[in-house]
1. Kirkwood hydrodynamic radius for region 24-187: how many Å is it when counted over pairs of different Cα atoms?
2. Ignoring everything but the protein chains, give the 1.4 Å probe accessible area of residue 158 in square angstrom, nearest 10.
3. Assuming a viscosity of 1.567 mPa s and a temperature of 4 °C, what translational diffusion coefficient in µm² per second does Stokes-Einstein assign to region 90-169, Rh being the Kirkwood radius over Cα pairs?
4. Kindly sort 189, 92, 86, 20 by accessible area of their heavy atoms, largest first, with the probe set to 1.4 Å.
5. Roughly how many Å² is the accessible area per residue of the chain, as a whole number, for a 1.4 Å probe?
6. Please give the calculated 222 nm ellipticity per residue for the chain, where each DSSP H segment of at least 4 residues contributes -39500 (n - 2.57) and the sum is spread over every residue; nearest 500 deg cm²/dmol?
7. What's the carbon and sulfur percent of region 24-187's accessible surface, probe 1.4 angstrom, rounded to a whole number?
8. Give me the extension gain from residue 63 to residue 206: residue separation times 0.36 nm, minus the current Cα-Cα distance, reported in nm with one decimal.
Amino acid sequence: MGLFSNDNKEMTFNEAMEARRSVYSLKETLSISDNELEELIAHAIKHVPSAFNSQSTRIVLLLNDNKDKFWENAKGILKEAMGEDRDFEPTRQKLDNFKHSYGTILFYEDQDVVSGLQEQMPSYYDNFAIWSNQTNAMHQYAIWTALATKGIGASLQHYNPIVDEATANDFDIPKSWKLVAQMPFGDVREPAGQKEFNPIEDRFFVRK
Ligand SMILES: Cc1cc2nc3c(=O)[nH]c(=O)nc-3n(C[C@H](O)[C@H](O)[C@H](O)COP(=O)(O)O)c2cc1C
């Protein structure tokens, strides 16, 4: 499903939810302009909710050489971490596949905001870290789904925390930002395959 559903109308929210999948095989192109992409992400940042309206999420959009640098760093770091004894080839292929994309979105949470709230409202101390992660996940979902409405594929990756330091150095990331997830995206080379669905009745309960 691309930008429009069959009858040429914009996707409904439900159609967009279905269109969002983990797409691993991407192109190095994008069907929309960088400006439109930035607007799509900015719109999500503005409208996605956060606990106590804390707005703790920070997003960094890596394009061109910066996207390449991120995945090259990840390869170097993982190769070293795996050592000589283990076969690095499958990991290299996986990371090169993420590099073969249009861009990568980095999702951060500003820990200064979280600790500020913990100080202000100590009775919720432990909850603020949880809510911060939940807020971040809402941004991930909103952007992933918004990209899907444009026919753009993406997946969700977690190479944090091992890439955090190199990423912070290379992209001028403030010390207080914690990396939560990475999202490679681009035009779809191969769509996602079939997905198994557990019975809804095992997962959704109504008490009238
Ligand atoms: C919280 C969360 C973490 C995930 N982490 C990863 C990950 O590290 N690597 C990955 O390839 N996919 C990751 N995924 C993608 C899931 O495997 C995927 O969403 C799920 O299998 C359903 O497939 P779909 O996205 O095509 O609907 C993650 C998804 C969620 C919601």
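The values are calculated or read from the model by the stated rules, or taken from the named source; none is laboratory data. Quick caveat: nothing in here was measured; it's all calculated off a predicted structure. So basically every Cβ, Gly included, is an ideal-geometry build from the backbone, and we count neighbours across all protein chains shown. Quick note on the areas: whole protein, heavy atoms, side chains included, nothing else; ligands and nucleic acids left out. Shrake-Rupley method; radii C 1.70, N 1.55, O 1.52, S 1.80 Å.
1. 16.7
2. Result for residue 158: roughly 110 Å² accessible.
3. Diffusion coefficient, whole number: 86 µm²/s.
4. Sorted descending by solvent-accessible area, the residues read 86, 189, 92, 20.
5. 61
6. About -14500 deg cm²/dmol.
7. That share works out to 49 percent.
8. The residue 63-residue 206 span can extend by a further 47.0 nm.
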